[in-house]
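S.K.: Can you read through this structure? Questions will come right after.
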Amino acid sequence: MSQTERALDYLNRHAASVAYDPGFLSEAEADRFRQELSELPEWRAGEAARIRKPFSSEWVPIPRQQAAHGDPGTRYAFSGITLQARPWTAVTLELRERIATRTGRIPNFVLVNRYRDGGDCMGWHSDDERDLGSEPAVLSLSLGAERDFQFRHKLAFPRRGRPPERPELETVTLRLGHGSLLSMLHPTNRDWKHQLPRRGGRNPGAIGERLNLTWRFIEACPRGTVLP
């Protein structure tokens, strides 16, 4: 059993539903889509892409760039903001059709994260916001540099100064490659958190750019501070 197979087996034996398709896109297809997405003009970063720091009133810039596309009127609330979807582009529509054909699911929203090097990251969180419904599903397409993606069970975290209830539960790492698709279905986001950690140490620029498209199924239009 490979390291990836062992990781998936562990997750799915401990209240998760995770699948990984390393060859969702061919290398040539992945190269083309990466190039076309890199040229999108809608990237938000710096002061235009701030979120609220967990358990704080402080607002901080995200360590990555973002864009969002979706059906008319869809928007996604997270970390104190509500991100309005821009209209689908030719490349995001083509990729949505690929997702629908392969999985049988038709997402109505995609959040695109651009990790410029190994210093760009995303901290521990769950995609369990109210507008994703009671059984949230996220389909994650990776393009570009291979990066570690980690899972940690919620009961393995200390809470309110108390030690974790299940400290024996392992942190699981998957290596997400160029053109791969990771599916996180219910109950994954109910019981597990995930993150994309910093990599590269003192030389994060040695790790190339990665684009990550997280396809979502928005059930409601949330309230909050709406960002275009």
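No value in this document is a laboratory result; all are computed from the given coordinates. All values reported here derive from a predicted model rather than from experimental measurement. Backbone-built Cβ (ideal geometry, glycine too); neighbour counts: all protein chains shown.
S.K.: Positive end of the charge dipole of the stretch 3-227 (Lys, Arg +1 and Asp, Glu -1 on Cβ, about the Cα centre): tell me which of Leu169, Pro158, Leu83 has its Cα farthest that way.
M.R.: Of the options given, the answer is Pro158.
S.K.: In addition: Which of (1) 65, 37, 35; (2) 66, 50, 27; (3) 47, 44, 41 is the computed Cα extents along the principal axes in Å for the structure on display?
M.R.: (3)
S.K.: Sticking with this one: Starting from 0.36 nm per residue, how many nanometres of slack lie between Arg159 and Ser26 once their C-alpha separation is accounted for? Don't skip to the end; give the middle numbers.
M.R.: Details: separation 133, 0.36 × 133 = 47.88 nm, distance 4.28 nm.
Extra length available between Arg159 and Ser26 comes to 43.6 nm.
S.K.: Order these peptides, 64-77, 92-105, by their mean beta-carbon neighbour count within 10 angstrom, highest first. Walk me through the intermediate numbers first.
M.R.: Numbers: 64-77: 19.1, 92-105: 15.7.
Top to bottom by mean Cβ count within 10 Å: 64-77, 92-105.
S.K.: With runs of 4+ DSSP H residues as the only contributors, calculate the mean residue ellipticity of the chain at 222 nm using -39,500 (n - 2.57) per run, divided by the residue total and rounded to the nearest 500. Don't skip to the answer; put the middle values down first.
M.R.: Numbers: 4 runs with 40 residues, N = 228.
It comes out at -5000 deg cm²/dmol, rounded to the nearest 500.
S.K.: Then there's this: Which of the peptides 27-34, 113-120, 165-172 is most tightly packed, and how do the rest follow, going by the mean number of other Cβ atoms within 10 Å of each residue? List each step's numbers first, then the result.
M.R.: Details: 27-34: 15.8, 113-120: 19.8, 165-172: 13.4.
Per-residue mean Cβ counts within 10 Å order the peptides as 113-120, 27-34, 165-172.
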